[in-house]
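See structure below.
The values are calculated or read from the model by the stated rules, or taken from the named source; none is laboratory data. Note that the coordinates shown come from a computational prediction; the quantities given were computed from them, not determined experimentally. Neighbour counts are summed over all protein chains in view; Cβ atoms, including those assigned to glycine, are modelled from backbone coordinates with ideal geometry. Areas reflect the complete protein model, heavy atoms only, side chains present, ligands, DNA and RNA absent. Shrake-Rupley method; radii C 1.70, N 1.55, O 1.52, S 1.80 Å.
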Amino acid sequence: MLCVVVPVLNEAGNIAPLVAKLHGVLRGIDWEVMFVDDDSRDGTRDAIAKVATGDPRVRMIHRIGRRGLSSAFIEGAQASFAPYVAAMDGDLQHDETVLPKMFAALRADECDIAIGSRYVKGGGIGEWDATRAGMSSLATRLAGIVLRTHVSDPMSGFFMLKRGVFDQAARKLSAMGFKILLDIIASLPAPPRIKELPYQFRTRVSGESKLDAGVLRDYILLIVDKLVGHIVPVRFILFAGVGAVGIAAHLIVLRTGLRFGGLSFAAAQTLATAVAILGNFSLNNTFTFRERRLKGPRFLLGLLTFSLISSVGAYMNVNISALLVGETHTTWYAAGVLGAVMSLVWNYAVSSAVTWRR
Ligand code: GDD
Ligand code: MN
């Protein structure tokens with residue numbers, strides 16, 4: 001049995017043609033298709049319900065308040081018992097005629113994962129503009145850091161694997177963003193045997209792409225999580241990075257205020273602190289906690305709680321480092337760094353539980 005997992009978000013016009021194509025190419029194979037829909041608003045579920053009537057091969061998971069191609073694939077795979085699982089887009093851009101070849105390669109035990117590749121001979125990226133092609137090739141090179149094996153198209157969202165292979169990776173998956181194949185390969189205890197089969201990435205006819213600025217951020221998070229996620233949570237690293245940017249901004253404003261603004265030290269320091277807090281809050285809101293982003297009145301409320309939490313953090317920082325210097329005669333830089341790290345941990349822990357609570 002083969003389960004083709006198809007994450008969908010607003011793909012109403014593509015459902016019926018896709019299922020018809022699967023029926024065409026998977027003749028002679030026992031298969032099912034598992035649509036994973038993240039609460040589409042364009043009638044996608046109605047379209048699925050329509051083809052599912054009288055066709056037991058068509059199944060669906062409806063997720064509410066959830067997003068993400070990777071987590072959609074994982075849940076789809078876990079909702080099936082099929083010993084072979086494929087991932088495929090629901091917009092007809094992936095060439096379904098490759099599916100039987102992937103299945104044959106896995107059945108013959110030629111590989112653990114069969115990948116539909118745009119970058120082996122015979123494959124191609126269709127009508128992509130130079131920017132998207134360039135981004136894709138850069139991302140592919142970056143992927144090499146965590147892969148441990150050569151894959152010409154690790155960004156592919158079109159592949160098939162044995163359930164046992166998926167299970168071996170399941171508990172280590174980062175499940176962030178778009179790149180589930182990369183996540184699986186990097187999560188396996190040993191590099192898998194891979195076979196890449198060429199295909200031409202087709203042009204989208206109906207609906208539109210869901211790629212946006214968040215995809216790049218999610219991709220970087222995935223790579224960092226695969227590298228150091230078992231030691232520190234990636235979100236904490238982002239939070240600390242934003243903090244470092246805040247310190248730089250603080251110093252720049254302080255110097256500008258003193259030198260060119262003619263402000264007193266207290267006034268310049270107050271201005272710099274305000275800029276740093278507002279800047280840190282906004283950056284954390286758009287990057288660090290992107291999927292819990294606050295908007296409108298909740299943005300202002302969030303800014304308020306964040307400022308309070310950071311003030312407590314700063315107060316503890318000053319007192320603890322002063323105590324260290326005064327009582328235990330710790331050197332100034334060690335005390336300074338310890339105080340800063342303490343307040344960083346405090347700010348992160350409390351603001352993720354209060355300001356950006358789920
Ligand atoms: N359930 C769910 N949730 N499905 C989603 C989501 C989501 O948050 N975001 C996108 N999808 C679905 C789309 O409906 C479509 O079926 C599929 O995932 C791919 O989304 P597209 O927006 O069409 O992606 P693309 O064409 O830009 O990207 C493709 O190329 C990449 C390679 O560069 C995809 O095949 C990727 O998987 C692939 O990595
Ligand atoms: Mn697409």
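In the range 29-50, is there at least one residue being modelled with pLDDT under 95, in the same structural domain as Gly214 (by TED's automatic domain parsing) and part of a loop (DSSP other than H, G, I, E, B)? Working first, answer last.
So in the range 29-50, the residues modelled with pLDDT under 95 come out as none.
Within the range 29-50, not a single residue is modelled with pLDDT under 95, in the same structural domain as Gly214 (by TED's automatic domain parsing) and part of a loop (DSSP other than H, G, I, E, B).
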Quick one: in the range 210-256, which of the residues that are of a type outside the set (Val, Ile, Thr) and not in a helix (DSSP H, G or I) is least open to solvent (accessible area, probe 1.4 Å)?
Gly229
Ser282 modelled with pLDDT of 95 or more, of a type outside the set (A, V, I, L, M), open to solvent by 30 Å² or more (accessible area, probe 1.4 Å) and in the same structural domain as Val253 (by TED's automatic domain parsing)
yes
What pairs come up if the first residue lies in the range 321-332 and is farther than 18 Å from Leu344 by Cβ, the second is open to solvent by 100 Å² or more (accessible area, probe 1.4 Å), and their beta carbons are under 8 Å apart, counting only those six or more places apart or on different chains?
Val325/Trp332
Please work out if Ala79 is away from ligand 2 (no atom under 16 Å from the Cβ) and farther than 30 Å from Val120 by Cβ.
yes
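Yes/no matrix, rows are residues, columns are (1) without any contact (Cβ under 8 Å) to a residue 40 or more places away in the chain; (2) surrounded by 16 or more Cβ atoms within 10 Å (Cβ to Cβ); (3) under 24 Å from the mean Cα position of the chain (by Cα):
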position: Ala267; (1), (2), (3): yes, no, no
position: Ala274; (1), (2), (3): yes, no, no
position: Thr288; (1), (2), (3): no, yes, yes
position: Asn319; (1), (2), (3): yes, no, no
position: Gly339; (1), (2), (3): yes, yes, no
Which of the residues spanning the range 181-209 are within 10 Å of ligand 1 (Cβ to nearest atom), part of a loop (DSSP other than H, G, I, E, B) and surrounded by 17 or more Cβ atoms within 10 Å (Cβ to Cβ)?
Phe201, Gly207
With the condition kept exactly as written, say whether any residue in the range 82-89 is of a type in the set (A, V, I, L, M), within 16 Å of ligand 2 (Cβ to nearest atom), without any contact (Cβ under 8 Å) to a residue 40 or more places away in the chain and closer than 28 Å to Asp212 by Cα.
no
Would you confirm whether or not the range 11-25 contains a residue that is open to solvent by less than 30 Å² (accessible area, probe 1.4 Å), in contact (Cβ under 8 Å) with a residue 24 or more places away in the chain, among the acidic types (Asp, Glu) and part of a loop (DSSP other than H, G, I, E, B)?
yes
Mind telling me which of the residues Ala20, Ala16, Ala86 ends up being in the same structural domain as Gly123 (by TED's automatic domain parsing) and in contact with a strand residue (DSSP E or B) (Cβ under 6 Å, 6 or more places away or on another chain)?
Ala86
